[in-house]
C-alpha cells in the first residue's frame, strides 16, 4: 500500500545508502548467497535509473571467505575471521561487480576502519573519494577492513558504518536491509507483537522493544541497528529498516509502499563538520554539567563555560572530542574541548575572569565553543566511570 509520507521521504533523497547485512547475503550453510546479490543488483539498477546515486555498504566478506577457504562453518578465532574476510573480499566484490556490470554500472571497492572516521583528514579523504566516485557514476561498495582490524571486527558493525557514510553525502536516505521485517513492539517471534510502521521521533526509548543479542551471522544485533538509526536521525537523516530477503524490497521502498519501519529525521540537518563531531569521533572523556549549563547548551544554543562544569571524567588533551553529560550522566552533547582535562579540572566551576589566575593565561573564553559542539540529547545514558580525575 502506497504511503504519502514514505513517498515524500524517498522523493526528497538524492543519495541512497543501502546497507545489506550478513543475514541477507548468506545462505543457510553460512556461504555467500549469489542469487540474493543478483536480485538486489537488479533493484539497485532501477534505483539508479530513477535518478538516485547509490552507495552500497555490504557485509558478507566472511561468508564469502568460508566458501573460498573450504570451511564448513564460520570461524570463531580472530585470526581465522580476518583470514576469511581477506579471502572473501575478492569473491564478494566479484559478485557485486559482475551483477552490476550487466546493467552498465562500474563498481569501486572502499575498505575502511573506524579510525578513518575519527581522524578529520582521513574522514575528509573518504568523503571526497565517495563523492567523486558518485560524480563519475560509479557505485561505491563499502565495507569495514576486517582483514586488518582488531577491535573493529569484534565490536564494530556495518550499521554504524552506514550511518557515518550517510553523513558524508548530499540528501541521503539510509536503507538498512536486515533479516527482520523492521522494528516490533515486542519480540518478533511473539505472535502478539506488531510491526511498527513509522517512528516519528526516534530516541533511546526504542531500545526497550529489543534485546541486545547479536544477529546469527552479523556482528550487530537490533540494539546496534537502533543506535546507528538514532545517530543518523539526530542529525537530520531519515532511515528505513526492512527485510532484505523480501522480494522486491527496494522496488517497494522506491514506490513508497508501507514496508519495514520508517524512522523520520529527529532534528534539522546539521553541517558536515558538526556531523563529524557528533558521531564520527570517539569521545576521550566526559564533562559533567550542572543544570544551568545543561540548559544553556541544549535549550539556548550557547557555548560551554568553565563555570557550568561540575566534574571531569577521563584524561584528554586540548582539542579532543568530549561528551557533555548532565548531573545524572545522561549524554546531552558532544564537542571539541579547548582545554586539556588537567586544565579543565583546575578551572571547573570558575568564571572566565578567574581562569588567568588559575592557569596563567586565557587561551579561550569557552571550554567548548558552540561552533564545535553538537547537541545529542535524545535520551541516551552515558555511564559514569568509577574513577574521578
**OP:** Enumerate the pairs (first residue in region 185-200 and touching a residue at least 60 places away in the same chain (Cβ under 8 Å); second residue anywhere and outside any loop (DSSP other than H, G, I, E, B)) with beta-carbon separation below 6 Å, excluding pairs fewer than 6 apart on the same chain, so at least 6 apart or on different chains.
**Re:** 195/184; 196/261; 198/262; 199/263
**OP:** Identify the single condition in (1) closer than 28 Å to residue 169 by Cα; (2) touching a residue at least 60 places away in the same chain (Cβ under 8 Å); (3) part of a loop (DSSP other than H, G, I, E, B); (4) not assigned by TED's automatic domain parsing to the domain that holds residue 122 that residue 297 does not satisfy, given that it satisfies every other one.
**Re:** (3)
Original post:
Quick one: which of 130, 110 is more than 19 Å from residue 36 (Cα to Cα) and without any contact (Cβ under 8 Å) to a residue 40 or more places away in the chain?
Top reply: 110
Original post:
What is the number of the single condition among (1) part of a helix (DSSP H, G or I); (2) crowded, with 18+ Cβ neighbours inside 10 Å that residue 38 does not meet?
Top reply: (2)
Subject >> Any chance residue 109 is assigned by TED's automatic domain parsing to the domain that holds residue 23, crowded, with 18+ Cβ neighbours inside 10 Å and either within 26 Å of the chain's Cα centre (by Cα) or part of a helix (DSSP H, G or I) (or both) >> reply: no
**OP:** Check residue 268 against each of (1) within 30 Å of residue 184 (Cα to Cα); (2) modelled with pLDDT under 95; (3) buried (at least 17 other Cβ atoms within 10 Å of the Cβ) and name the one condition it does not meet.
**Re:** (3)
Original post:
So which of 43, 82, 89 is more than 23 Å from the chain's Cα centre (by Cα) and either assigned by TED's automatic domain parsing to the domain that holds residue 179 or within 21 Å of residue 104 (Cβ to Cβ) (or both)?
Top reply: 43
**OP:** Check 79, 75 and return the single one that is in contact with a helix residue (DSSP H, G or I) (Cβ under 7 Å, 6 or more places away or on another chain) and farther than 24 Å from residue 243 by Cα.
**Re:** 75
Original post:
What do you reckon, is residue 333 in contact with a helix residue (DSSP H, G or I) (Cβ under 7 Å, 6 or more places away or on another chain), at pLDDT below 95 and not assigned by TED's automatic domain parsing to the domain that holds residue 119?
Top reply: yes
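To keep it simple, each residue is scored yes or no on (1) in contact with a helix residue (DSSP H, G or I) (Cβ under 7 Å, 6 or more places away or on another chain); (2) modelled with pLDDT of 95 or more; (3) buried (at least 21 other Cβ atoms within 10 Å of the Cβ); (4) within 21 Å of residue 20 (Cα to Cα).
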| residue | (1), (2), (3), (4) |
| --- | --- |
| 185 | yes, no, no, no |
| 189 | no, no, no, no |
| 194 | no, no, no, no |
| 204 | yes, no, no, no |
| 213 | no, no, no, yes |
| 220 | yes, no, yes, yes |
| 223 | yes, no, no, yes |
| 232 | yes, no, yes, yes |
| 239 | yes, yes, yes, yes |
**OP:** From (1) out of contact with any helix residue (DSSP H, G or I) (no Cβ under 6 Å at 6 or more places or on another chain); (2) at pLDDT 90 or above; (3) more than 29 Å from residue 127 (Cα to Cα), pick out the condition that doesn't hold for residue 283.
**Re:** (3)
Subject >> Criterion (in contact with a helix residue (DSSP H, G or I) (Cβ under 7 Å, 6 or more places away or on another chain) and at pLDDT 90 or above) met by exactly one of 85, 108 >> reply: 108
Original post:
Which of (1) part of a loop (DSSP other than H, G, I, E, B); (2) touching a residue at least 24 places away in the same chain (Cβ under 8 Å); (3) farther than 23 Å from residue 176 by Cβ is the odd one out, the single condition residue 82 does not satisfy?
Top reply: (1)
**OP:** Report, by residue number, each residue of region 12-30 that is out of contact with any strand residue (DSSP E or B) (no Cβ under 6 Å at 6 or more places or on another chain) and in a strand (DSSP E or B).
**Re:** 26
Subject >> Within region 76-103, tally of residues that are more than 16 Å from residue 37 (Cα to Cα) and surrounded by fewer than 18 Cβ atoms within 10 Å (Cβ to Cβ) >> reply: 5
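The values are calculated or read from the model by the stated rules, or taken from the named source; none is laboratory data. Note that the structure is a prediction, hence the values are computed from the model and not measured. In this analysis, Cβ positions are derived from the backbone assuming ideal geometry, glycine residues included, and neighbour counts consider all displayed protein chains.
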